[in-house]
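Each remark here refers to the structure printed beneath this line.
The values are calculated or read from the model by the stated rules, or taken from the named source; none is laboratory data. What you are looking at is a predicted structure, and each value in this text was computed from that prediction instead of being measured. Cβ atoms come from the backbone with ideal geometry, glycine included; neighbour counts cover every protein chain shown.
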Amino acid sequence: MTVNSWLRSAQSIAYPPHCLLCGAPGQPDRDLCAGCDHDLPRLGDICATCALPLPGATATRCARCLQTPPPQDAAVAALDYAAPVDWLITRLKFSRQVSHGPLLAALLADRLAAAGTDADMLVPVPLHPRRRRERGFNQAAEIAAGLRRHLGVPVRPDLAMRRRETGHQADLPARERAANVRGAFRVAAPVAGYRIAVVDDVITTGHTVAELARTLIAAGADRVEVWAPARAPAPGGRQ
Ligand SMILES: [Zn+2]
Ligand SMILES: [Zn+2]
């Protein structure tokens, strides 16, 4: 038994997994019972570059990505941003239910394993320092930390910074969202040659993660993927 697996089994004796959704005993590796796990709104086929659902898909990308490819090389999301996933995420984000981070990471790790994707480092989408101070933590960093335990890939929160606050993308008309985040990030350490996974809690409009991907590619990253536990359709339908 390795030290890590010993620690994990000791931890599961001290803190046996319990379902965060219904309180029943959890499965061995996560705070979720088998019944609630089965009922989660998992995404089926998704667009390879923006992770929007592609029901009954024959193509690998949505029409919008075929027409205007986003800067990232790929995108992976595991769950529809619907109940109870939206609850898990908003409670992590606004009520600091940090136990939700490892569960969301475990669910995303399942999908990543099925997709057979990989990265050299994980970069959580940074909050502006003022927002980070107000909230006390970054929910994307919590999910990235959970992913590190599954994938063994280092987390580099120092690699990208947010230059300015951009407000809530969802509050803006669709045509203003891309412009709102343009130039919002800067890269703070060398990225040349690395395969980077940008990690967020939920992909909503897609413009924020696309802008971060664009900035990392411009700084020399070899490949940039966007990973999030959940995918929401943008307000009003298309992103
Ligand atoms: Zn349950
Ligand atoms: Zn797409």
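Of the residues in the range 156-175, none is more than 25 Å from Leu52 (Cβ to Cβ), in contact (Cβ under 8 Å) with a residue 24 or more places away in the chain and assigned to a helix (DSSP H, G or I).
The condition (being surrounded by 15 or more Cβ atoms within 10 Å (Cβ to Cβ), within 16 Å of ligand 1 (Cβ to nearest atom) and assigned by TED's automatic domain parsing to the domain that holds Gly167) is satisfied by just one residue among Leu122, Leu127, Leu107: Leu107.
Taking the range 178-194, which residues are touching a residue at least 40 places away in the same chain (Cβ under 8 Å) and not in a loop (DSSP other than H, G, I, E, B)? Residue satisfying the conditions is Phe185 alone.
Scanning the range 18-66 for residues that are surrounded by 18 or more Cβ atoms within 10 Å (Cβ to Cβ) and of a type in the set (S, T, N, Q) yields a count of 1. Any chance the range 111-119 includes a residue that's of a type in the set (A, V, I, L, M), within 16 Å of ligand 2 (Cβ to nearest atom) and in a helix (DSSP H, G or I)? Yes: the range 111-119 contains one or more residues that are of a type in the set (A, V, I, L, M), within 16 Å of ligand 2 (Cβ to nearest atom) and in a helix (DSSP H, G or I).
This table checks each residue for (1) modelled with pLDDT under 95; (2) outside the structural domain of Ala113 (by TED's automatic domain parsing).
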residue: Gly183; (1), (2): yes, no
residue: Val191; (1), (2): no, no
residue: Asp200; (1), (2): no, no
residue: Thr208; (1), (2): yes, no
residue: Ala213; (1), (2): no, no
residue: Ala218; (1), (2): no, no
residue: Arg223; (1), (2): no, no
residue: Gly237; (1), (2): yes, yes
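Applying a threshold of 8 Å to beta carbon distances and a minimum spacing of six or more residues, or different chains, the list of pairs starting in the range 29-52 at a residue that is among the polar types (S, T, N, Q) and ending at one that is within 13 Å of ligand 2 (Cβ to nearest atom) and not in a loop (DSSP other than H, G, I, E, B) reads Thr49/Cys65; Thr49/Ala74; Thr49/Ala75.
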